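The values are calculated or read from the model by the stated rules, or taken from the named source; none is laboratory data. All of these numbers come straight from a predicted model, not from anything done at the bench. Virtual Cβ from ideal backbone geometry, glycine too; neighbours counted across all protein chains shown. For the accessible areas, the whole protein counts, side chains as well, though only heavy atoms, and no ligand, DNA or RNA atoms are used. Shrake-Rupley method; radii C 1.70, N 1.55, O 1.52, S 1.80 Å.
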Amino acid sequence: MEIKIKLNGRQVAASVEPDMLLIDFLRKQGCVSVKCGCETTNCGLCTVLMDEVPVLSCAVLAARADGHSIFTLEGLREEASEFVGFIADQGADQCGFCNPGFVMNTIALLRENPDPTDDEIRAYLAGNLCRCSGYDGQLRGIRTFLESRRGKA
Amino acid sequence: MTENHQPNRTYKTVGKTFRKKDSMQLLLGEPTYVDDITDRKDCLTVKILRSPYPNAIVEEIKTDVAKKVPGVAAIYTWEDVPKNRFAIAGQTYPEPSPYDRLILDRHVRFTGDAVAIIAAEDEKAAVKAMKLIKVSYRVLEPVLDMHTAKDNPILVHPEEDWFPPLPVGGDNKRNLVASEQSGHGDVDGVMADCEIRIEHTYHTKAFNQAMMETFRTYTELDRYGRLHVISSTQIVFHVRRILSTALGIPKSKIRVEKPRIGGGFGAKQTAVCEVYPAFVTLKTGRPAKLIYTREESQIAGSPRHEMEVTVRLGANKDGKIRVLDLYTLSNSGAYGEHGPTTVGLSGHKSIPLYTGSLEAYRFCYDVVYTNVQAAGAYRGYGATQGIFALESAVNELAEKLHIDPTVLRERNMVREGMVMDAYYGETANACALDRCMARCKELFHWEEKYPVRELGGGKIRCAGVAMAMQGSCISNLDVGSATVKLSDDGTYNLIIGAADMGTGCDTILAQMVAECMDCELEDVAVFGADTDVSPYDSGSYASSTTYITGKAVEKACTDLKQQIIEVAAGMLNCPAAELSFSGKGVTRMQTGEFVPLTDISYKIQLNSNRSAIATASSCSPVSPPPYMVGMVEIELDKLTGQVTVLDYVAVVDCGIPINPALARIQTEGGLVQGIGHTLFENVTYDSHGKPIENSFMQYKLPTRLDMGHLQVEFENSYEPTGPFGAKSIGEIVINTPAPALAHAIYRATGVWHRELPITPEQIAMGKE
Amino acid sequence: MLTIRNYVKAKSLEEAYELNQMKTNRILGGMMWLRMMHLNVGTAIDLCDLGLNTIEETDDEIILGAMVTLRQLELSACLNTYTHGAVADAVRDIVGVQFRNTATLGGSIFGRYGFSDVLTVFLALDTEVELFKAGRVPLAEFAAMKKDRDLLVRLIVKKKPLQAAYLSMRGSRTDFPILTCGVSRIDGVYRASIGARPGPAVVVEDETGLLAGEITEESAAAFGEYVAETIRTGTNLRGSAAYRKHLTKVLTARGVLEAAAQ
């Protein structure tokens, strides 16, 4: 079937199988930042923004995304660049495989709640698994970013 | 002592925090992993048909119907593969692990064992074909209980061509992978003389590494017709050797490289999936890719060895621990990968913690085959299992004697300068364990948090403690190497065979180059790992990269500096001895004449018979242990059994941390994995011996809501044999959570839990 | 592996209903659960274009469309004001924000899953489901009905005077619950809904008036005992029948005290 998706701000038309998952569609479109970690909607690695809302692209059909806007990290690198350096300063990027999903959901968090508390950060990102970092380094990175932003404001 | 071996020297680059060199690529989602960089259109998708039985013989296998599925390129069965047995454990040749595998074996030995390889144009066709393969199995009775495996009449490996490259006490006709006894002193005599004896058995499960990127390998024939393997592996050189043995082709025909790796934690120290696509590519001539599903990673991966460690501890009433006697029963599962070696650490990396008072020790073990998923290497590598057992037993002793467990440890712990009989007679040349304990107590507020505090409503707060050690390499065995070369503009290339799996070794090794060559970190470009390009390195495991490959980097830099000086000597027409190297160039001390590094590098390229490239290898006769202390505060709900981790404080002695931020993240990540194994992650089997926790829906990794607040500090020691005084950090950090949490839970409930994980149900219902 | 031959965004409930009468066809819901099935679906029917993703409040009802997401439930001011936050408490630990952004109310309720926090919390309220053919049915009745091929269109929560609390017991925080427990007082009568028994949630009312008098730790515990004796629990990977009985007592008693304090 034919679908039209606004992918990273650009109209994309494609022919897809009815059971094609959005994650597979996106990777085929070259958005390989989108990763699969579990196949059971538990890991958060495949997070993308659908109409501004973070969703698991492994649990959305490409067909359902027809007519919608999808952003992957490929389309949000500028926004991500504002804070990912602070994660890197903590060394919390580690293996990096969970980073794109984590970064996408952090973007969603900060758009929805520009000044979250530590508990709000933990709650919002709870669906993003990371096996390397132990999570606290990611939290410190976001916290340092927020403080530096507040300092500049 | 060479120039860098000064404990109090301050460094320019070493010992400082820098971002990982690949940080921005990873954080911005650039294509860096196996599946991101291998998108040839003609690539075949490889799938494995797996056995539904834990022990069976493939009587007949019909693939004709499946082969007719449109898009299926090939299907291979046991009849199609070479008949030479091999081991997939990534270990130095000759491997301690037995050669007990074929690419496909007619005898399948665990639920999930490979039965057939399917190669198709896409996944849909491969999956469809898989369902159409007709297999008749002769189902055999399995050995599922490790307690009855040894000398069981049912043999997991009855084959005559089972082959152990090294004598490790194994015997396939007894279901034994390995067996050994060691000791020192009069164990029975001292035990009889002790005022207090404690004896308990502690059980840990086959926990899964659960790295976010599952096992995966891409293979193709390169432009020279050689087998080019791009794999998510920690051990490129071992993979090359394993493929050569398994496929029966020379190593010169194989090139193995690893791009970025999405985590390993030891799982990728075994060539879990490489042979399958490699076989497909050799047979078809086409590119092939195998990406394990999460379920395959869970049921046919390479998890921790399930172990039961029985501790017999003898002490005096004053808390002096005089004798330790450990017996470990280790479950290797269906194949022997890492079986003979992991088990050793359960004793040799736990008992030496009590060198301070120990008069005698004994350590015996059996490693058995059973018909469950084969185990392998996982961060901690047996030490974790042994330390859970021994540290729990010591906590039990402290509680029995009503002695503060930190005080009890201070009376018995290993201290700098002591000879550790149970650690191959090595001397603790750098040991800050005592300072770790003192600092941890202070940071944690031990005096305040150790007492049991009732909050009302069935809620209790209390604390637990544990110590740990590990090694920094496999002594007299691991080889690390580095090549450092001078580039045109006075910058450097560092080429390694060790594998950065996210830990940051590319960066810390580059920091060492920058320190040695007196340049900026950004002036060092790193490349690794590729068997065609990298100098030989055993790979990244056994906590060895910083310590062993780091030393090789230091040696290579020393050599390279001398080469640079000699080129300058030619340019200045003077003896090399009159010259000295600085980061910017070479100076003739008497005259002040100066040749900039860029001029030297261009000189090498013009009318020159000299090069500026140095390769060095390093091996160590010792494996200096890092040490640490962990303390945990929990809140326990006696009514529901819920354990909430509030605070975890860890103080680590890893020698000198080369990059403190990365060392800290290693520690935090290890702690959270340990918390997961203790409280959430379980491995149970169905009646076919298949792990029930076969997905992240059932195998529950800790989330960021499950681990409380972490605090990590370092107490430095100076290891004279390490690069810049460094020891290791990667593995030790996983060892304290289990015993510390079990201790805290006992404090709250009065019940010792000696099996992991400790579930809310066991706590609430008072089950041990 | 899930395979789907056709995909249809239904234009009307009638169309969706007709398509759904074929046994091989499936309503997608949020697709969270369907995604994991090894199933060959003929036509996947998507209700996403039918305007069922709204929460409306009238004087005496809160009306929730079947395609309302769990995240909408979590953030709904009217729903959480009315339930004293019990609905938000019920959904906030379900996997993660991204999951809750696509998982739907209709999918959770229609599946009548044993583990469902959503079913549990709405059973603690005075809730009806609106089915396309069968019309309005009390949720408790619907929960006990055999699955058929009707369409779940909306959930209607009656706004009667309410005290309510929601508790669950989980291993790791975002895991499936070991036991779920909603406690409410509607029109002066206490009830508890217990789910993840591991079977689907069931409701127990305070028929014997254990909580008719003053709410004390003792009376709350007595009601907990009563609920635990009344319901049936079973054993699965996450807990034994005995532990679930025990948790029923503990969580119900705590729920009563929490609700009574409102």
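Observations on the model:
- Residues of region A:12-37 satisfying the condition of being in contact (Cβ under 8 Å) with a residue 60 or more places away in the chain and of a type outside the set (Ser, Thr, Tyr): A:Val34, A:Lys35, A:Gly37
- Those residues of region A:8-28 which are open to solvent by less than 50 Å² (accessible area, probe 1.4 Å), of a type in the set (D, E, K, R) and assigned to a helix (DSSP H, G or I), in sequence order: A:Arg27
- Residue that is within 13 Å of chain C (Cβ to nearest Cβ), touching a residue at least 60 places away in the same chain (Cβ under 8 Å) and of a type in the set (Val, Ile, Thr), where the choices are A:Thr47, A:Thr40: A:Thr47
- Of residues in region B:252-267 being over 14 Å from B:Ile496 (Cβ atoms) and of a type in the set (Lys, Arg), the one nearest to the other protein chains (Cβ to nearest Cβ): B:Arg260
- Inter-residue pairs, beta-carbon under 6 Å, first within 7 Å of another protein chain (Cβ to nearest Cβ) and in region B:699-715, second in a strand (DSSP E or B), 6+ apart: B:Met707/B:Val645; B:Leu710/B:Tyr648
- Residue that is nearest to the other protein chains (Cβ to nearest Cβ), among those in region A:60-104 that are in a helix (DSSP H, G or I), surrounded by fewer than 24 Cβ atoms within 10 Å (Cβ to Cβ) and of a type in the set (A, V, I, L, M, F, W, C): A:Ala88
- Candidate set: region A:123-139, residues that are within 13 Å of chain C (Cβ to nearest Cβ) and aliphatic (A, V, I, L, M); chosen: the one farthest from A:Thr47 (Cα to Cα): A:Ala123
- Screening region A:105-153 for residues that are in a loop (DSSP other than H, G, I, E, B) and of a type in the set (Gly, Ala, Ser) and picking the one that is most open to solvent (accessible area, probe 1.4 Å) gives A:Ala153.
- Boolean, C:Met1 is assigned to a loop (DSSP other than H, G, I, E, B), over 15 Å from the mean Cα position of the chain (by Cα) and away from chain A (no Cβ under 14 Å): no
- Looking only at region B:388-420, and only at residues there that are buried (at least 19 other Cβ atoms within 10 Å of the Cβ) and of a type in the set (Asp, Glu), the one that is farthest from B:Met467 (Cα to Cα): B:Glu396
- Of all residues in region B:234-250 being touching a Lys or Arg at 6+ places or on another chain (Cβ under 6 Å), away from every other protein chain (no Cβ under 13 Å) and touching a residue at least 12 places away in the same chain (Cβ under 8 Å), the one that is surrounded by the most Cβ atoms within 10 Å (Cβ to Cβ): B:Val236
- Number of positions in region B:345-354 that are open to solvent by less than 10 Å² (accessible area, probe 1.4 Å) and either over 30 Å from B:Pro405 (Cβ atoms) or under 20 Å from the mean Cα position of the chain (by Cα) (or both): 3
- Any hit, region B:361-380, residues being within 27 Å of B:Phe714 (Cα to Cα), in contact with an Asp or Glu (Cβ under 7 Å, 6 or more places away or on another chain) and open to solvent by less than 10 Å² (accessible area, probe 1.4 Å): yes
- Failed criterion for B:Tyr33 (all others in (1) without any contact (Cβ under 8 Å) to a residue 24 or more places away in the chain; (2) touching a Gly at 6+ places or on another chain (Cβ under 9 Å) hold): (1)
- Every listed requirement among (1) more than 14 Å from chain A (Cβ to nearest Cβ); (2) under 32 Å from the mean Cα position of the chain (by Cα) is met by B:Gly592 save one, (2).
- Residue match in region B:679-696 (condition: closer than 30 Å to B:Met420 by Cα and at pLDDT 95 or above): no
- Residues that are in contact with a Cys (Cβ under 7 Å, 6 or more places away or on another chain) and either surrounded by fewer than 22 Cβ atoms within 10 Å (Cβ to Cβ) or within 26 Å of A:Arg131 (Cα to Cα) (or both) within region B:697-725 comprise B:Phe714, B:Glu715, listed in sequence order.
- Whichever residue in region C:89-148 is among the aromatic types (Phe, Trp, Tyr) and more than 13 Å from the chain's Cα centre (by Cα) and, among such residues, is most open to solvent (accessible area, probe 1.4 Å): C:Phe132
- Being more than 10 Å from chain A (Cβ to nearest Cβ), farther than 18 Å from B:Lys124 by Cα and crowded, with 21+ Cβ neighbours inside 10 Å holds for only one residue in C:Ala44, C:Ala16, and it is C:Ala16.
- Selected residue [part of a strand (DSSP E or B) and either modelled with pLDDT of 95 or more or within 14 Å of chain A (Cβ to nearest Cβ) (or both)] from B:Val190, B:Val177: B:Val177
- Identity of the residue in region C:217-251, polar (S, T, N, Q) and within 14 Å of chain B (Cβ to nearest Cβ), that ends up least open to solvent (accessible area, probe 1.4 Å): C:Thr248
- The conditions of being over 29 Å from C:Arg35 (Cβ atoms) and more than 9 Å from every other protein chain (Cβ to nearest Cβ) are not met by A:Glu120.
- Close contacts from region B:679-695, counting a first residue that is open to solvent by less than 40 Å² (accessible area, probe 1.4 Å) and a second that is among the basic types (Lys, Arg), with Cβ to Cβ under 6 Å and a gap of 6+ residues or different chains, come to B:Phe680/B:Lys700; B:Val683/B:Lys205; B:Ser695/B:Arg294.
- Number of residues in region C:19-41 that are within 17 Å of C:Phe132 (Cβ to Cβ) and either more than 12 Å from every other protein chain (Cβ to nearest Cβ) or not charged (D, E, K, R) (or both) equals 8.
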